[in-house]
Amino acid sequence: MTAFMALLRRDLHVAARNAPLLLTGTLTQPILVVLVFGNILPRLHLVADEFRTVMLPGLMSITMMMAGVQGVLMPLATDLSGTREVDERLLAPIGVRGVAFGRVVAGAIHAAVAGLVALPVMMLLMHRLAGSDVRPDWVALFPLVALCGLLSAAFGLTLGANVEPRFSGLLFAVVLGPMMLFGCAYYPWAALTVLGPLQYVFLLNPLVFMSEAMRLAVTPGTPHMPLPLLFAGLAGFGFILTLVGSRAFERRTIL
Amino acid sequence: MSEPALLVEDLVKTYPGGRKDPAVEAVGGISFAVAPGEFFGLLGPNGAGKSTTLGCITTLVRPSAGRILVDGVDVVRRPAEAKRRIALVPQNRNLDRDLTVREVLTYHGRYFGLPAAEREGRADRLLEELQVADKAHAKPLTLSGGMQQRVLIARALMHDPKLLLLDEPTTGLDPQARRLLWDVLKALHRRGLTLILTTHYMEEADRLCQRLAIVDHGRILTMDTPAALKKTLPGGEILDLWVRAEAPLRPRLETIEGVARIEHVESHGDGDDGIERLRLFVDSRDGLLDRVLHETRGAGADVRHVSLTPPSLEDVYIHLTGKELRE
């Protein structure tokens, strides 16, 4: 436990030192999207007012997903680079899985902080927030943000341990891009009944559960997934991805 | 005999092959023991299996077969306990580039659960001892290779290991930095630390190690003290002879009294220039050199180079493998 906490402390120390850079990287995108789709377009009446309410929790989940994935992927690229900085961690008196899980927890904290900073910033930038359905339920928000953070970072570990660092650009285009568009960030999952049974295919995308979780926590008045399904999705995906990711990490690091 | 600091028994490591490449046996059954306080060396060319052996000892490589005990602790069964007893100075200078030099040491101390006062004090003392105190607040990547190497040693010593493993520590260092590092290692050995070094530099192995294993193709060819290894060579001195000869020279040279053995050396890189390199193991006696030159000229050969030297580890290596150490 000492070694685990020490490794985590090191990661948070380095992240805190780079905080302005990391936050700029993760917050730029949602801020620009909110400015265009949540402020300018509603003013021009090119987008329905309800869209702002639907979009806000979705953008929060995208922010967390990106922060969590990057929060693991980037340090992992350094770890596994030619000099193998990871060996220093692997030689600490802790199991290999413990080293992998430490990266997940650090990435989860990064994701949660990004989500919690993004929410008020986006609320501030949105056009006519007062009339909307945005009423954060703070009690539900914190545990759900924590779960979403863990899920995002576990996904980052799975990607980072399985994919060569030089392909990480491709990863964003081919994996994360489609995931965001089909992740119920810009439409509620409940409304997908129009697609018939195809609605259930969306459940293969972990981001769907994150978007719905934020809908429950930030805009509780709008339609969202029932809590048991939501929780099962977040915890289930989080668990499976942590397992798959740490196994891949072990294969990758211990020859 | 007390418990060895390190015991390696029948270690085998085979890297599984892929779709296109076959499986590679990097280590093919290595056994050795290192006594507490000993300075032990693994000498051999690149690709001989030295680094893989160190990887197995440090838990970074999973052995295919065999057993490794560090201070009586099985590294495969109880890795966390084993890791408390060992420290590695890796071949790649893998210092944490996001921390300062001093933080590299203090965080390493944290990983091993050292209390704050102890880890701060030890970090300062080690930075001083290894002559990198003035770089305490610099980022590791801004340091020279020699300095990075000393920081790696300081880092390794932070948790007070029983066994320090160094993988090719002086590769790529300039002669001055290399000598400084040798002094550091000798001082650590005098203090009672058990050290294991891999190297492909004969001189380094000869100067530092009390006992050596010469390794090639994943196997130990021989193992002894440097002096004893040199004594295994026939004769007492080495006569290195480079000639351009038309007729076979060996039969003539073999008749000379005092020549114990003649080996033909395959040398690399000098191309097919017709120069033959012979290595004569000789008892040095009056007139021997004269006789050799006389016979050589008698065979109509053209002598290009001749030298008479006491045997070195390189001669032992060439004697064992019939070739020069691959660099």
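Data table
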item: Residue in region A:190-208 that is of a type in the set (Ser, Thr, Tyr) and surrounded by fewer than 17 Cβ atoms within 10 Å (Cβ to Cβ) present; result: yes
item: Residue in region A:204-212 that is assigned to a helix (DSSP H, G or I) and acidic (Asp, Glu) present; result: yes
item: Selected residue (criterion: surrounded by the fewest Cβ atoms within 10 Å (Cβ to Cβ)) from residues of region B:74-88 that are within 20 Å of B:Leu197 (Cβ to Cβ) and β-branched (Val, Ile, Thr); result: B:Val75
item: Given (1) aliphatic (A, V, I, L, M); (2) assigned to a loop (DSSP other than H, G, I, E, B); (3) more than 14 Å from every other protein chain (Cβ to nearest Cβ); (4) surrounded by fewer than 20 Cβ atoms within 10 Å (Cβ to Cβ), index of the condition B:Leu99 fails; result: (3)
item: Residues of region B:225-251 classified as of a type in the set (Lys, Arg), closer than 30 Å to B:Glu25 by Cα and surrounded by fewer than 16 Cβ atoms within 10 Å (Cβ to Cβ), total; result: 0
item: Filtered residues of region B:225-259 (kept if without any contact (Cβ under 8 Å) to a residue 40 or more places away in the chain and at positive phi); result: B:Gly258
item: Unmet requirement for B:Glu81, which otherwise passes all of (1) more than 20 Å from the chain's Cα centre (by Cα); (2) touching a residue at least 12 places away in the same chain (Cβ under 8 Å); result: (2)
item: Answer residue from region A:124-169, given it is touching a helix residue (DSSP H, G or I) at 6+ places or on another chain (Cβ under 8 Å), β-branched (Val, Ile, Thr) and part of a helix (DSSP H, G or I) and is surrounded by the fewest Cβ atoms within 10 Å (Cβ to Cβ) among those; result: A:Thr158
item: Of the criteria (1) modelled with pLDDT of 90 or more; (2) crowded, with 24+ Cβ neighbours inside 10 Å, which one A:Leu76 fails; result: (1)
item: Qualifying residue in region B:217-224 (condition: assigned by TED's automatic domain parsing to the domain that holds B:Gly41, of a type in the set (Gly, Ala, Ser) and touching a residue at least 12 places away in the same chain (Cβ under 8 Å)); result: yes
item: Residue that is surrounded by the most Cβ atoms within 10 Å (Cβ to Cβ) [pool: residues in region A:81-100 that are more than 7 Å from every other protein chain (Cβ to nearest Cβ) and in a helix (DSSP H, G or I)]; result: A:Ala100
item: Filter result for A:Thr53 (part of a helix (DSSP H, G or I) and either surrounded by fewer than 16 Cβ atoms within 10 Å (Cβ to Cβ) or modelled with pLDDT under 90 (or both)); result: yes
item: Criterion (away from every other protein chain (no Cβ under 14 Å), closer than 30 Å to A:Arg52 by Cβ and touching a Phe, Trp or Tyr at 6+ places or on another chain (Cβ under 8 Å)) met by exactly one of A:Val113, A:Val121, A:Val69; result: A:Val69
item: Test result for A:Leu216, without any contact (Cβ under 8 Å) to a residue 60 or more places away in the chain and part of a helix (DSSP H, G or I); result: no
item: Which numbered condition B:Asp71 misses (of (1) touching a Lys or Arg at 6+ places or on another chain (Cβ under 6 Å); (2) away from every other protein chain (no Cβ under 13 Å); (3) crowded, with 21+ Cβ neighbours inside 10 Å); result: (3)
item: Top-ranked residue of region A:202-255 - restricted to ones that are of a type in the set (Ser, Thr, Tyr) and under 30 Å from A:Glu88 (Cβ atoms), ranked as farthest from the other protein chains (Cβ to nearest Cβ); result: A:Thr242
item: Residue that is nearest to B:Thr59 (Cα to Cα), among those in region B:102-122 that are away from chain A (no Cβ under 14 Å) and touching a residue at least 12 places away in the same chain (Cβ under 8 Å); result: B:Arg122
item: Considering residues of region A:1-44 that are surrounded by 15 or more Cβ atoms within 10 Å (Cβ to Cβ) and of a type in the set (Val, Ile, Thr) only, the residue nearest to the other protein chains (Cβ to nearest Cβ); result: A:Val14
item: B:Ser51 being within 13 Å of chain A (Cβ to nearest Cβ), small (Gly, Ala, Ser) and within 23 Å of B:Leu188 (Cα to Cα); result: yes
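Residue-by-condition table, conditions (1) more than 14 Å from chain A (Cβ to nearest Cβ); (2) touching a residue at least 40 places away in the same chain (Cβ under 8 Å); (3) over 19 Å from the mean Cα position of the chain (by Cα):
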site: B:Leu6; (1), (2), (3): yes, yes, no
site: B:Lys13; (1), (2), (3): no, yes, yes
site: B:Gly18; (1), (2), (3): no, no, yes
site: B:Pro22; (1), (2), (3): yes, no, yes
site: B:Ile30; (1), (2), (3): yes, yes, no
site: B:Phe40; (1), (2), (3): yes, yes, no
site: B:Thr59; (1), (2), (3): no, no, yes
site: B:Ala87; (1), (2), (3): no, yes, no
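The values are calculated or read from the model by the stated rules, or taken from the named source; none is laboratory data. Keep in mind that what you see is a predicted model, and the values were worked out from it rather than measured. Virtual Cβ from ideal backbone geometry, glycine too; neighbours counted across all protein chains shown.
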